[in-house]
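The values are calculated or read from the model by the stated rules, or taken from the named source; none is laboratory data. Because the structure is a prediction, the values reported are computed rather than measured. Heads up, the Cβs are rebuilt from the backbone with ideal geometry, glycines too, and the neighbour counts pull from every protein chain shown. Ligands, DNA and RNA are stripped out before the accessible areas are found, and what is left, the full protein with its side chains, is counted by its heavy atoms. Shrake-Rupley method; radii C 1.70, N 1.55, O 1.52, S 1.80 Å.
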Amino acid sequence: MGQNMDKRSYRREHAELYMKLIQHYRNGMVEDMAVSPSSEKSDEVVKVYIRKRPTFEREVNAGEYDVVTCRPHEIIVHDCRMHPSMKPSLAYVESFKFPYPNTEVFGEKSTTDELYKSAVKPLIQFVAAGNVGTMFCFGQTGSGKTYTITGLVKMMSQELFSLIAKLPGTYSVTATCIELIGENCFDLLSDHQEVQLRDGKTGDVVICGNKLCALTSGSELNELYNYAAGLRETHATKVNSNSSRSHYICRVYIENAETGKQYARLTLCDLAGSERNNDSNEHDAERLKETAQINSSLMALKEVIRCVALNKEGDKVHIPYRGSKLTRLLKDCFDLEEKKKRPHTVVIATVSPLSCDSEHTTGTLKHTCIMMSNEVSQDGEKIVVQDVLGSDPYQKRANVLKPIAKMTYEEVIEWIGTVQKGKFKKHIHKFPSTMDGKALARFPDKRLQQILESDLLGNDLRKEIMNYTDKISQQKKQFAEDNRKSTK
Ligand SMILES: Nc1ncnc2c1ncn2[C@@H]1O[C@H](COP(=O)(O)OP(=O)(O)OP(=O)(O)O)[C@@H](O)[C@H]1O
Ligand SMILES: [Mg+2]
């Protein structure tokens, strides 16, 4: 924790330096290097969108700055690092790129309207067609969850009612508003009375004793959402003067008025934010317990969403709903046993632009990748290390050799194709497509000979791998030497 505090003040102290480096990075960004959207039609049941909030004047006045770069299909977090010696001349920036070819990233200038059209409108149309839909906002405290969902609810309420009005037959709409504090559920519409969750006969989870409010228009739904949201438990934290310390769940039921059968369901969920450690340092035991409970329920939710996203139609992967009250409460948002179409979930991950929040931002983005089961980018792709003193980091980067063990299949195949004047090029198809650099580096001699169908070729490639590994070690030594000289 102390370490983080130091890091944060160091970042602020050397703001000018870091900002220059980040600007250098941004100036060097080539348009066509951006990830292009995937042409595959995405029909996942879980869709994730990212929104970065703007930096506020008071934050700039406090010495903060923007360390997050957004492009339509990727987001880059510039992690401002310091050398263990804390010498500013050795400070550097590591940029982590999270590519999102199947989804969209909304930058600080984006409007809630834009986000609505891309992310939420299709969900509302899906619900109005008689299905189950859920929308979550999740992210660090103060990153804009409540701001974003409040704006979206206003738009979606109108659209939902106008779509229902166009349906043949008559429908009735009711809603319930629940607050989850720790492991306890409270009904916001009946004076915070505690409500229980019970397992229903068909494996569903039933909320008992909650009040349902009948609604006749979009404005009524919007008003109810805001009224109940206003009754939520909030506290001022250092990060957010009006921080939501509970999960807020507003569930809308649409019933066929003639048959009384449920036609569709929409759940809106504004989660409590994960708090920064140094912020919680200042709280009492009760608040610390609250933060721990919030974090553990968020972890359980992320795990459930990951399993749901992994689950393909017909699969029976166990989904750990019992992990927390939150996931039990939301079970029927994801339930695969639904007789109708599989429920759809839209997750909006909100991130803060600030340097002091970069660890949290990276954490949120990693979680979005887990939710989308995007294994490749879970750790972000570390793209460049910039020395403060390096005049042209790109030049530097071009000369840096990548260790074989860190190469992807494509990279390792390209490397094999170029060594010894392309001698192995015509054998490339013999390598298994599951092989990456790590696997190649671990292949015993026999395996190389077997793949290349020749002892001689196998041995030659082995020699090449060893030569390359030697070059990397020399390069490392050289870097260490350069570093030593510049510290003097
Ligand atoms: N995209 C945005 N544009 C303008 N202001 C924003 C935006 N996002 C957030 N804000 C402002 O930032 C502050 C914090 O936002 P908000 O309360 O929505 O955070 P939160 O994620 O809900 O935090 P918590 O988890 O603590 O409840 C608010 O004053 C809000 O108005
Ligand atoms: Mg909030």
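What the table below lists for this structure:
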{"item": "Matching residues in the range 109-156 - criterion: being without any contact (Cβ under 8 Å) to a residue 40 or more places away in the chain and away from ligand 1 (no atom under 16 Å from the Cβ)", "result": "LYS121, PRO122, GLN125"}
{"item": "Number of the exception - ALA62 against (1) over 20 Å from VAL347 (Cβ atoms); (2) touching a Phe, Trp or Tyr at 6+ places or on another chain (Cβ under 7 Å); (3) modelled with pLDDT of 90 or more; (4) not charged (D, E, K, R)", "result": "(2)"}
{"item": "Residue within the range 135-142 that is open to solvent by 20 Å² or more (accessible area, probe 1.4 Å), within 16 Å of ligand 2 (Cβ to nearest atom) and β-branched (Val, Ile, Thr) present", "result": "no"}
{"item": "Selection count where residues are buried (at least 18 other Cβ atoms within 10 Å of the Cβ) and part of a strand (DSSP E or B), scope the range 56-90", "result": "11"}
{"item": "Qualifying residue in the range 397-405 (condition: open to solvent by 90 Å² or more (accessible area, probe 1.4 Å) and either out of contact with any strand residue (DSSP E or B) (no Cβ under 6 Å at 6 or more places or on another chain) or at pLDDT 50 or above (or both))", "result": "yes"}
{"item": "One residue from ILE164, ILE124, ILE149, ILE178 being of a type in the set (A, V, I, L, M, F, W, C), modelled with pLDDT of 90 or more, in contact with a Cys (Cβ under 6 Å, 6 or more places away or on another chain) and not in a strand (DSSP E or B)", "result": "ILE149"}
{"item": "Residue that is farthest from SER246 (Cα to Cα), among those in the range 184-229 that are open to solvent by 50 Å² or more (accessible area, probe 1.4 Å) and in a strand (DSSP E or B)", "result": "ALA214"}
{"item": "Residue check for LEU90: in the same structural domain as GLY144 (by TED's automatic domain parsing) and at pLDDT below 95", "result": "yes"}
{"item": "Helices (runs of 4 or more DSSP H) (entirely within the range 402-488) containing at least 1 residues that are closer than 28 Å to PRO84 by Cβ and of a type in the set (Ser, Thr, Tyr)", "result": "455-487"}
{"item": "Number of the condition not met by LYS41 [criteria: (1) at pLDDT 90 or above; (2) farther than 13 Å from GLU108 by Cβ]", "result": "(1)"}
{"item": "Single residue of VAL239, VAL317 found to be part of a loop (DSSP other than H, G, I, E, B), more than 29 Å from ARG53 (Cα to Cα), at pLDDT below 90 and in contact with a helix residue (DSSP H, G or I) (Cβ under 7 Å, 6 or more places away or on another chain)", "result": "VAL317"}
